[in-house]
Amino acid sequence: VQHVDGVLLDVMMPGIGGLDVCRLIKSQSSAADRPVVIVLSSKDDRDSVVAGLEAGADDYASKAAGFEILKGRMRALLRRKQFEEENRRLLEDAQARVRAQEWLRLAREVLELLNRPEGPADVIRDIISLIRRSTGLDSIGIRLRDGEHFPYYQTSGFDEAHICAENHLCQHDAAGTPLRDGTGNIVLGCMCGNVLRGRVDPGKPFFTPRGSFWTNSTTTLLATTTEADRLTQTRDRCNAEGYESVALVPLRSGAETIGLLQLNDRRTDRFTPDMVHFFEGLGSSIGIALARKRAEEAQRDTLAKLRATFDGIVHTIMRAVELRDPYTAGHQRRVADLARAIAVEMGLSTDQVEAVLFAANIHDIGKIAVPAEILSKPGKLSAMEFSLIKEHSRTAFELLRPVEFPWPLPTIVLQHHERLDGTGYPDGLKGDAILLEARILGVADVVEAMASHRPYRPALGIDMALGEITKQSGKGLDPAVVNACVRLFREKEYRFVA
């Protein structure tokens, strides 16, 4: 059909009146496409003018008006329509820019939340709150995979009855057993199940090419489609609770759908294709980030369990050493606490502090190979006996070397009796050839040994111990380590653990 810019209609026409034609033109075309209409009549009274304008005419003129006058009025109307159309486009463009800026701000704020260090539960709660506040939607929920199911993980706006009724989407047979599809997956019902399982048909107006579902009127959708059209057995709960505008957006990590973003509102016409497309992009970012966060959370749980196991093994080793050398019971634990405190005082990294702590807790494990009668001998050791004692650090190294630690634990334990001037053992290392962690362990070991009781002598006390390491500072012992240790006792009132 050829486009027409303007129409002159006579009120009195054969077959159908001009006012009826005007109404048809108005009803069957959009405001932008509708031609300008001037209704002509031989009458020139107020009622006729009102009737013409109510029928949708842009102007009303008498047949007695000359052609030039009608042509001028038509040109004026066309110019006004052009001006109004330009203003409308400018307004729509401005509104689109404002919406784009709002969506960009929302996307940026969501991404900032996703990059926070908190766990997924806190992050999802804040994301839902942010989206609801930014969009003004009544209810928002996020489902996440939990085994075979996709329960609500966090919601805002949905009442408890809705959450309880819709939390599990699986369909059951007459015996109450969950149904499974041909691939063995539990059959998920309702539109949420469609989106989560990818049962969508982009050829239908309520599905998108990216696998989302949306409607601006659940009442109209239910009235004009069948369950076959909707590809599922619909439970109608959203509509029953008054939700008219509903959007369901999959949350994906790669090719896997890990969850669902649900947007509900009781008003109609809350969504546009552009808005749904925006949330699909946002959903992709949320899905990837949440999958990463859940993986990190699972990894932290695994590491915590491994750490607890490792701590238990270390404690067992400590007990084994103490059973062999009862006179030094608690020695490794006290050395470990002091060594850790020195490392912290020196400003070492968390990783280095942990290395010092674990090495100190097992630094005497090599004494397992030393005869018990030598370990508990009350008198002075012979040269042969002392040579056996000196082998305990190398024995410890050989015991620990096959184990893969996150730190150089075997080497730290091997070197804890080495001295800067080369007078230590087992290899007579000097200076920086000795690891800093081993130098810290060496100072803590000397202080605890001198301050505590031994089979061959009574406790010498902490003052004498600090005096000795101060005398050896810069010779056999690292000055920075000695200074840190003295500060702990003299200025920060450090005391050995009981």
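Quick check on the range 454-463. Is at least one of its residues closer than 15 Å to HIS331 by Cα, open to solvent by less than 20 Å² (accessible area, probe 1.4 Å) and in a helix (DSSP H, G or I)?
So far as the range 454-463 goes, no, none of its residues is closer than 15 Å to HIS331 by Cα, open to solvent by less than 20 Å² (accessible area, probe 1.4 Å) and in a helix (DSSP H, G or I).
On the basis of being farther than 22 Å from GLY198 by Cα, open to solvent by less than 70 Å² (accessible area, probe 1.4 Å), at pLDDT below 90 and of a type outside the set (Asp, Glu), does ALA291 make the cut? Reasoning before the result, please.
Details: farther than 22 Å from GLY198 by Cα: no; open to solvent by less than 70 Å² (accessible area, probe 1.4 Å): yes; at pLDDT below 90: yes; of a type outside the set (Asp, Glu): yes.
In short, no.
Looking at (1) of a type outside the set (Asp, Glu); (2) exposed (fewer than 12 other Cβ atoms within 10 Å of the Cβ); (3) more than 30 Å from SER129 (Cα to Cα); (4) modelled with pLDDT under 80, can you tell me which one ILE16 breaks?
Unmet for ILE16, out of (1) of a type outside the set (Asp, Glu); (2) exposed (fewer than 12 other Cβ atoms within 10 Å of the Cβ); (3) more than 30 Å from SER129 (Cα to Cα); (4) modelled with pLDDT under 80: (4).
Looking only at the range 42-81, count every residue that is open to solvent by 80 Å² or more (accessible area, probe 1.4 Å), of a type in the set (A, V, I, L, M) and not in a helix (DSSP H, G or I) and tell me the total.
The number of residues fulfilling the criteria is 1.
Among the residues of the range 99-129, what is the count of those that are outside any helix (DSSP H, G or I), open to solvent by less than 40 Å² (accessible area, probe 1.4 Å) and out of contact with any Asp or Glu (no Cβ under 8 Å at 6 or more places or on another chain)?
Taking the range 99-129 as the starting set, the residues that turn out to be outside any helix (DSSP H, G or I) are 115-119.
The next check asks that each one be open to solvent by less than 40 Å² (accessible area, probe 1.4 Å); those that pass are 119.
Checking the rest, the ones that are also out of contact with any Asp or Glu (no Cβ under 8 Å at 6 or more places or on another chain) come to none.
Residues meeting the conditions: 0.
Of all residues in the range 327-378, which are β-branched (Val, Ile, Thr), surrounded by 19 or more Cβ atoms within 10 Å (Cβ to Cβ) and more than 17 Å from ALA498 (Cβ to Cβ)?
Applying the first criterion (β-branched (Val, Ile, Thr)) to the range 327-378 yields 328, 335, 342, 344, 350, 353, 356, 362, 365, 368, 370, 374.
Now restrict to residues that are surrounded by 19 or more Cβ atoms within 10 Å (Cβ to Cβ): 328, 335, 342, 353, 356, 362, 365, 370.
Result: ILE342, VAL353, VAL356, ILE362, ILE365, VAL370.
Out of GLY254, GLY312, report the one residue that is closer than 15 Å to ARG210 by Cα and open to solvent by less than 70 Å² (accessible area, probe 1.4 Å).
Numbers: GLY312 fails: closer than 15 Å to ARG210 by Cα.
Exactly one residue qualifies, and that residue is GLY254.
Looking at LEU436, LEU477, LEU460, which is the one that is hydrophobic (A, V, I, L, M, F, W, C) and more than 24 Å from ILE362 (Cβ to Cβ)? Please lay out each step first, then the result.
Values: LEU436 fails: more than 24 Å from ILE362 (Cβ to Cβ); LEU477 fails: more than 24 Å from ILE362 (Cβ to Cβ).
After applying the criteria, what remains is LEU460.
Can you find a residue that is farther than 23 Å from VAL497 by Cα, touching a residue at least 60 places away in the same chain (Cβ under 8 Å) and surrounded by 13 or more Cβ atoms within 10 Å (Cβ to Cβ) anywhere in the range 393-411?
Looking for residues that are farther than 23 Å from VAL497 by Cα, touching a residue at least 60 places away in the same chain (Cβ under 8 Å) and surrounded by 13 or more Cβ atoms within 10 Å (Cβ to Cβ), one finds none in the range 393-411, hence no.
Is it the case, given these coordinates, that ARG419 is out of contact with any Ser or Thr (no Cβ under 7 Å at 6 or more places or on another chain), open to solvent by 20 Å² or more (accessible area, probe 1.4 Å), at pLDDT 95 or above and of a type outside the set (Ser, Thr, Tyr)? Before the answer, list the steps.
Details: out of contact with any Ser or Thr (no Cβ under 7 Å at 6 or more places or on another chain): yes; open to solvent by 20 Å² or more (accessible area, probe 1.4 Å): yes; at pLDDT 95 or above: yes; of a type outside the set (Ser, Thr, Tyr): yes.
For ARG419, the condition - out of contact with any Ser or Thr (no Cβ under 7 Å at 6 or more places or on another chain), open to solvent by 20 Å² or more (accessible area, probe 1.4 Å), at pLDDT 95 or above and of a type outside the set (Ser, Thr, Tyr) - is met.
Of everything in the range 200-242 that's modelled with pLDDT under 90, open to solvent by less than 80 Å² (accessible area, probe 1.4 Å) and in a loop (DSSP other than H, G, I, E, B), which residue is nearest to GLU160 (Cα to Cα)?
In this case the residue turns out to be ASP236.
From ARG266, ARG300, ARG307, grab the single residue that is of a type in the set (D, E, K, R) and at pLDDT 85 or above. Full working, then the answer.
Numbers: ARG300 fails: at pLDDT 85 or above; ARG307 fails: at pLDDT 85 or above.
So the residue among ARG266, ARG300, ARG307 that is of a type in the set (D, E, K, R) and at pLDDT 85 or above is ARG266.
Scan the range 246-266 residue by residue and report those that are in a strand (DSSP E or B), in contact (Cβ under 8 Å) with a residue 60 or more places away in the chain and not aliphatic (A, V, I, L, M).
First, pick out the residues of the range 246-266 that are in a strand (DSSP E or B): 246-253, 256-265.
From what is left, the residues that are in contact (Cβ under 8 Å) with a residue 60 or more places away in the chain are 251, 257-265.
Within the range 246-266, THR257, GLY259, GLN262, ASN264, ASP265 qualify.
Of all residues being modelled with pLDDT of 90 or more and among the small types (Gly, Ala, Ser) in the range 168-199, which is surrounded by the most Cβ atoms within 10 Å (Cβ to Cβ)? Just the residue, please.
Per the stated criteria, the residue is GLY193.
Quick check: anything in the range 483-490 surrounded by fewer than 17 Cβ atoms within 10 Å (Cβ to Cβ) and of a type in the set (Gly, Ala, Ser)?
No, the range 483-490 contains no residue that is surrounded by fewer than 17 Cβ atoms within 10 Å (Cβ to Cβ) and of a type in the set (Gly, Ala, Ser).
Given the structure, is THR155 part of a loop (DSSP other than H, G, I, E, B) and either open to solvent by less than 20 Å² (accessible area, probe 1.4 Å) or not aromatic (Phe, Trp, Tyr) (or both)? It would help to see each step written out before you state the result.
Details: part of a loop (DSSP other than H, G, I, E, B): no; either open to solvent by less than 20 Å² (accessible area, probe 1.4 Å) or not aromatic (Phe, Trp, Tyr) (or both): yes.
Spelling it out, it is not the case that THR155 is part of a loop (DSSP other than H, G, I, E, B) and either open to solvent by less than 20 Å² (accessible area, probe 1.4 Å) or not aromatic (Phe, Trp, Tyr) (or both).
For the range 409-433, which positions are part of a loop (DSSP other than H, G, I, E, B) and touching an Asp or Glu at 6+ places or on another chain (Cβ under 9 Å)? Explain how you work it out, then say what you get.
Taking the range 409-433 and keeping what is part of a loop (DSSP other than H, G, I, E, B), we get 416-420, 422-429.
Scanning the range 409-433 gives HIS416, HIS417, GLU418, LEU420, GLY424, TYR425, PRO426, ASP427, GLY428, LEU429.
The values are calculated or read from the model by the stated rules, or taken from the named source; none is laboratory data. All values reported here derive from a predicted model rather than from experimental measurement. A quick note on method: Cβ atoms are made from the backbone with ideal geometry, for glycine too, and the neighbour counts reach across all protein chains shown. Note: accessible area is taken over every heavy atom of the protein model, side chains too, but ligands, DNA and RNA are not part of it. Shrake-Rupley method; radii C 1.70, N 1.55, O 1.52, S 1.80 Å.
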